[in-house]
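Worksheet: the structure to be examined is printed underneath.
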Amino acid sequence: GEIVFGGVDSSHFKGEHTYVPVTQKGYWQFDMGDVLIDGESSGFCANGCSAIADSGTSLLAGPTTVVTQINHAIGASGVVSQECKTVVEQYGKTIIEMLMAKSQPQKICSQIGFCTFDGTRGVSPGIESLVDQNPEKQSDGVHDATCAACEMPVVLMQIRLRKNQTEEQILDYVNQLCERLPSPSGESVVQCDSLSSLPSVSFTIGGKVFDLAPEQYVLKVGEGVAAQCISGFIALDVAPPRGPLWILGDIFMGRYHTVFDYGNLSVGFAEAA
């Protein structure tokens, strides 16, 4: 790679750049549209997410809900989340009934006891302590994971209900995604011999779709029989209003030439040459 100051090198890209305005100056944050899996909406960012283009991040980091959907679609296997499966098994039908009764999705996990509520959404006890600025309240990690394990099925069930799926179809689908939750270390493994059959993953920026092929979003480590293929997607949950947030790291920036335009406070992307 190469960084150029004071302009752009036209030999580094093809065509024209698509520019979007910066919404947060500190991290060159901008508004991003939907995330597509094999050309179909993942649903979570249909109303938009925020994103940061960051060369200091090797992979692509995004909301657990979408990363789990992607890992499911590409057959990536992480650590089975018992918390997620427990939520679906014990409370799945209740959550669906609450969603059908028009309960506010952001309140459901606090109503069934997995999260607290900060006035706008369900949060883990650790986040609540920051909101309350109460130093005596500390996160223990366990409740944080349980809260997240509840929030993801709620979002996925809501998306599936909009598609008029049956209760059985919804619970089966979400149960499968529980098994694709990213591992605590952030890495999930893909079968190296399956790359040719994997779907594309795309990001909508400035009204244009930016595709990533399997060879671009999967990292191959090692050679021969010792080779291992790692999913380029890791989970990162940033609470509103700053999030939901994606960090488009080296995997994205290697595919798309990126311009940080300080004068116009905008970020531009074009196909890398």
field: Identity of the residue in the range 6-26, polar (S, T, N, Q) and touching a Ser or Thr at 6+ places or on another chain (Cβ under 8 Å), that ends up modelled with the lowest pLDDT
entry: Q24
- request: Within the range 1-28, work out how many residues are of a type in the set (V, I, T), surrounded by fewer than 10 Cβ atoms within 10 Å (Cβ to Cβ) and not in a loop (DSSP other than H, G, I, E, B).
  value: 0
message: Given (1) open to solvent by 50 Å² or more (accessible area, probe 1.4 Å); (2) under 20 Å from R160 (Cα atoms); (3) of a type outside the set (A, V, I, L, M); (4) touching a Lys or Arg at 6+ places or on another chain (Cβ under 9 Å), identify the lone condition not met by Q69.
response: (1)
task: Only one of these is over 15 Å from E151 (Cβ atoms), modelled with pLDDT under 80 and hydroxyl-bearing (S, T, Y): S129, S58. Name it.
output: S129
- request: Name the single residue, out of those in the range 72-87 being crowded, with 24+ Cβ neighbours inside 10 Å and either closer than 18 Å to L36 by Cβ or more than 19 Å from the chain's Cα centre (by Cα) (or both), that is modelled with the lowest pLDDT.
  value: A76
- line: In the range 183-200, anything modelled with pLDDT of 90 or more and within 16 Å of the chain's Cα centre (by Cα) is listed as S200
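What do you reckon, is S55 under 16 Å from F233 (Cα atoms), hydroxyl-bearing (S, T, Y) and open to solvent by 30 Å² or more (accessible area, probe 1.4 Å)? Reasoning before the result, please.
Values: under 16 Å from F233 (Cα atoms): yes; hydroxyl-bearing (S, T, Y): yes; open to solvent by 30 Å² or more (accessible area, probe 1.4 Å): yes.
In short, yes.
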task: Give just the number: which of (1) crowded, with 18+ Cβ neighbours inside 10 Å; (2) without any contact (Cβ under 8 Å) to a residue 12 or more places away in the chain does E223 not satisfy?
output: (1)
- request: Report, by residue number, each residue of the range 226-259 that is in contact (Cβ under 8 Å) with a residue 60 or more places away in the chain, out of contact with any helix residue (DSSP H, G or I) (no Cβ under 7 Å at 6 or more places or on another chain) and of a type in the set (G, A, S).
  value: G243, G249, G254
statement: Flagged in the range 154-182 as within 14 Å of the chain's Cα centre (by Cα) and open to solvent by less than 50 Å² (accessible area, probe 1.4 Å), in numbering order, are V155, L156, L177, L181, P182
- prompt: Pairs, please: C-beta under 7 Å, at least 6 apart or cross-chain, first residue more than 19 Å from C49 (Cβ to Cβ) and in the range 8-26, second open to solvent by 70 Å² or more (accessible area, probe 1.4 Å) and assigned to a strand (DSSP E or B)?
  reply: F13/E271; K14/E271; G15/E271
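Just checking, does the range 201-220 include any residue being of a type in the set (S, T, N, Q), closer than 21 Å to N47 by Cα and open to solvent by less than 70 Å² (accessible area, probe 1.4 Å)? It would help to see each step written out before you state the result.
Here is the first cut: in the range 201-220, the residues of a type in the set (S, T, N, Q) are 202, 204, 216.
Filter once more, so that each one left must be closer than 21 Å to N47 by Cα: 202, 204.
Keeping just the survivors that are open to solvent by less than 70 Å² (accessible area, probe 1.4 Å) gives 202, 204.
Yes, the range 201-220 contains a residue that is of a type in the set (S, T, N, Q), closer than 21 Å to N47 by Cα and open to solvent by less than 70 Å² (accessible area, probe 1.4 Å).
In the list K107, K93, K85, K102, which residue meets the criterion of being in contact with a Phe, Trp or Tyr (Cβ under 8 Å, 6 or more places away or on another chain) and not in a strand (DSSP E or B)?
Result of the check over K107, K93, K85, K102: K107.
Considering only residues that are over 21 Å from A213 (Cα atoms) and surrounded by 18 or more Cβ atoms within 10 Å (Cβ to Cβ), which ones fall in the range 30-43? If you could, list the steps in order and put the result at the bottom.
From the range 30-43, those over 21 Å from A213 (Cα atoms) are 30-31; that's our starting set.
Result: F30, single match.
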query: Considering only the range 27-85, how many residues are in contact (Cβ under 8 Å) with a residue 40 or more places away in the chain, under 28 Å from Q228 (Cα atoms) and not aliphatic (A, V, I, L, M)?
result: 22
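Only one of these is surrounded by fewer than 17 Cβ atoms within 10 Å (Cβ to Cβ) and either out of contact with any Leu (no Cβ under 7 Å at 6 or more places or on another chain) or over 30 Å from V22 (Cβ atoms) (or both): S194, S188. Name it. Spell out how you get there, then give the answer.
On the way: S188 fails: surrounded by fewer than 17 Cβ atoms within 10 Å (Cβ to Cβ).
Going through S194, S188 in turn, the sole match is S194.
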query: Mind checking which residues of the range 241-273 are over 30 Å from M152 (Cα atoms), hydrophobic (A, V, I, L, M, F, W, C) and surrounded by 15 or more Cβ atoms within 10 Å (Cβ to Cβ)?
result: V259, V267, F269, A270
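The values are calculated or read from the model by the stated rules, or taken from the named source; none is laboratory data. What you see is a predicted model, and the numbers here were worked out from it, not measured in a lab. Cβ atoms come from the backbone with ideal geometry, glycine included; neighbour counts cover every protein chain shown. Just so you know, the surface numbers come from the protein's heavy atoms only, side chains and all, with ligands and any DNA or RNA stripped out. Shrake-Rupley method; radii C 1.70, N 1.55, O 1.52, S 1.80 Å.
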